[in-house]
1. Can you tell me which of A291, A286, A259 is closer than 17 Å to S342 by Cβ and modelled with pLDDT of 90 or more?
2. Being outside the structural domain of S151 (by TED's automatic domain parsing) and either on the phi > 0 side of the Ramachandran plot or modelled with pLDDT under 90 (or both): is that true of V33 here?
3. Tell me, please, whether a residue that is hydroxyl-bearing (S, T, Y), touching a helix residue (DSSP H, G or I) at 6+ places or on another chain (Cβ under 8 Å) and within 23 Å of S404 (Cβ to Cβ) can be found in segment 355-364.
4. Of the residues L261, L272, which is over 23 Å from R394 (Cβ atoms), among the aliphatic types (A, V, I, L, M) and surrounded by fewer than 22 Cβ atoms within 10 Å (Cβ to Cβ)?
5. For residues in segment 236-256 being touching a helix residue (DSSP H, G or I) at 6+ places or on another chain (Cβ under 7 Å) and at pLDDT below 85, which is nearest to L138 (Cα to Cα)?
6. Do you know which residues across segment 218-233 are modelled with pLDDT of 75 or more and either more than 30 Å from G137 (Cβ to Cβ) or in a loop (DSSP other than H, G, I, E, B) (or both)?
7. Would you please list the contacts, defined by Cβ atoms under 7 Å and residues six or more apart or on different chains, that run from a residue in segment 255-276 that is more than 17 Å from A331 (Cβ to Cβ) to a residue that is of a type in the set (G, A, S)?
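The values are calculated or read from the model by the stated rules, or taken from the named source; none is laboratory data. These numbers come from a predicted model, not from an experiment. Note: ideal-geometry Cβ built from the backbone for every residue, glycine included; neighbour counts use all protein chains shown.
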Amino acid sequence: MSRARRCRNLVGLALVLFLAWVGARPFVLLGLVGELCCRVRIWRFVRLSSSLLSLEASDTESVEAAWGFVKRNYFDQSFNHQDWEVAHQRYLERVKKGQRAESIVRDMIASLGDRYSRVIDAATFEQLMAFDPLGVGLVLARNDSKQVFVSSPPFGGSSAAKAGIKQGDIVDSINDMSFKEMSLLAVCDRVAQGDAAEVKLQLHPPGSSEVREVSLARPRQAKPLNEVESGVVTASNGHKIGYFRLRNVGARSAVDLRAALAKVRSAGAQELVIDLRGNPGGSFPAALEIAEIFLKPGAVAAQVQLPTSDSKPLRVGEGEGALQASMEPLAVLVDGGSASASEVLAVALRGNCRAPLLGSRTFGKAAVQGVFGLPNKEAVALTVARYSGPDGTRIEGGLEPDLSLPGPSLPMGLSVSGAAAELGLPLFQNNDYAALDVVASSKALQSCTNGGSEQLQ
């Protein structure tokens, strides 16, 4: 075979091999593409499965948390005549079937049949957090031993949560202010008034004496509101009347009221009126701090019933740290808008024969709600206690006034034309300041011993 012919054969063989490779190439490429697509689908499936598992875990955590809060804290330990353990399994089964925590928790709280217990959505809960007086995500309360403790889990994402503070931790001091020397509300109020970027706490776990100190960033700085409006007017009998309108019952109320009381005293006020009309309430501890201004140290201000105990008396400050009570003649104005903590304040003063109630029947809410944050950033508000008067008087159904007065204004024979505008209180009508003649004559205090000199001990 000639050299030229061998070359032609080699070229032909190479061409055949090349064409064969080209012919097979689409199938090779299609195989590679198919494998790649398969891997993408598998990866997407894995990611989706992982997301679903994560979602289910998150929903499980939220349902478990809500169920646990109800079990430990809800006032009615019959849970509206339910077996709460059986209900627990039923709610977890719903999670396994793919139902979301939001729906399950709403059904859970609704099953309690309590008109005051409810679910708070994430956006609303975030707004509530903005009113955290310390600004670090903590809700504090006192236990039966008078210790200040963390009463619910720190708000998710807050500096308290990041610092590992747990529900139940005992707080010894805040910014070096000891609770042995100051009330919880007074400490929180002082912190709220400051502009420090950090809050320093000394705390320890329950049952342990190992104290640790933490400094918490304070991104939320509470803006204090003026909770008390006040002024002095002169009655037809020539007496000067100190008038205080409380629009709510908050952490600042007692502090503001003490300051306003000093101001009206310096202006010569001899008799006092506290106006709680339209006051929806607020903080029950704050109501007791206000009552403390007008009651003798050690007096029973209210009775409280917790889920696992009988009613317990709550006494105002006593001992060396107790302040001198204000003993000027006093009257309290109420109406159908006076509710919750404002009713506790009203019944504390009347139950101790300290002040009559003037106006109309109050709203009738004695239930106390605690707010508990959930992992899904929602929260549940649960009824955790009920208050009654110092002598056990029920608040549900409303408090009947000692003297009924018709309408939004109080025609008591007191002419204060233009006084509202002069005092900077334009919302009040001319006759909104009740004359204290009814207090002086003690007609509204006939049911009390010695015209109001006896207080419950």
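1. Values: A286 fails: modelled with pLDDT of 90 or more; A259 fails: closer than 17 Å to S342 by Cβ.
Residue meeting the stated conditions: A291.
2. Details: outside the structural domain of S151 (by TED's automatic domain parsing): yes; either on the phi > 0 side of the Ramachandran plot or modelled with pLDDT under 90 (or both): yes.
The answer is yes for V33.
3. We begin by selecting, within segment 355-364, every residue hydroxyl-bearing (S, T, Y); these are 360, 362.
Checking the rest, the ones that are also touching a helix residue (DSSP H, G or I) at 6+ places or on another chain (Cβ under 8 Å) come to 362.
If we keep only those that are within 23 Å of S404 (Cβ to Cβ) too, we end up with 362.
For segment 355-364, residues hydroxyl-bearing (S, T, Y), touching a helix residue (DSSP H, G or I) at 6+ places or on another chain (Cβ under 8 Å) and within 23 Å of S404 (Cβ to Cβ): present.
4. Values: L272 fails: surrounded by fewer than 22 Cβ atoms within 10 Å (Cβ to Cβ).
Exactly one of L261, L272 is over 23 Å from R394 (Cβ atoms), among the aliphatic types (A, V, I, L, M) and surrounded by fewer than 22 Cβ atoms within 10 Å (Cβ to Cβ), namely L261.
5. Applying the first criterion (touching a helix residue (DSSP H, G or I) at 6+ places or on another chain (Cβ under 7 Å)) to segment 236-256 yields 237, 242, 244, 246, 249-255.
Narrowing further to those that are at pLDDT below 85: 237, 250-252.
Working: N237: 50, G250: 16, A251: 15, R252: 18 Å.
Only one residue tops the list, namely A251.
6. Once the filter is applied, which keeps residues that are modelled with pLDDT of 75 or more and either more than 30 Å from G137 (Cβ to Cβ) or in a loop (DSSP other than H, G, I, E, B) (or both), segment 218-233 yields R218, E229, S230, G231, V232, V233.
7. If the second residue must be of a type in the set (G, A, S), the pairs left are K263/S230.
Let's see how each residue does on (1) more than 14 Å from G373 (Cβ to Cβ); (2) modelled with pLDDT of 80 or more; (3) not assigned by TED's automatic domain parsing to the domain that holds A287:
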residue	(1), (2), (3)
L128	no, no, yes
R142	yes, no, yes
G156	no, no, yes
S159	yes, yes, yes
D172	yes, yes, yes
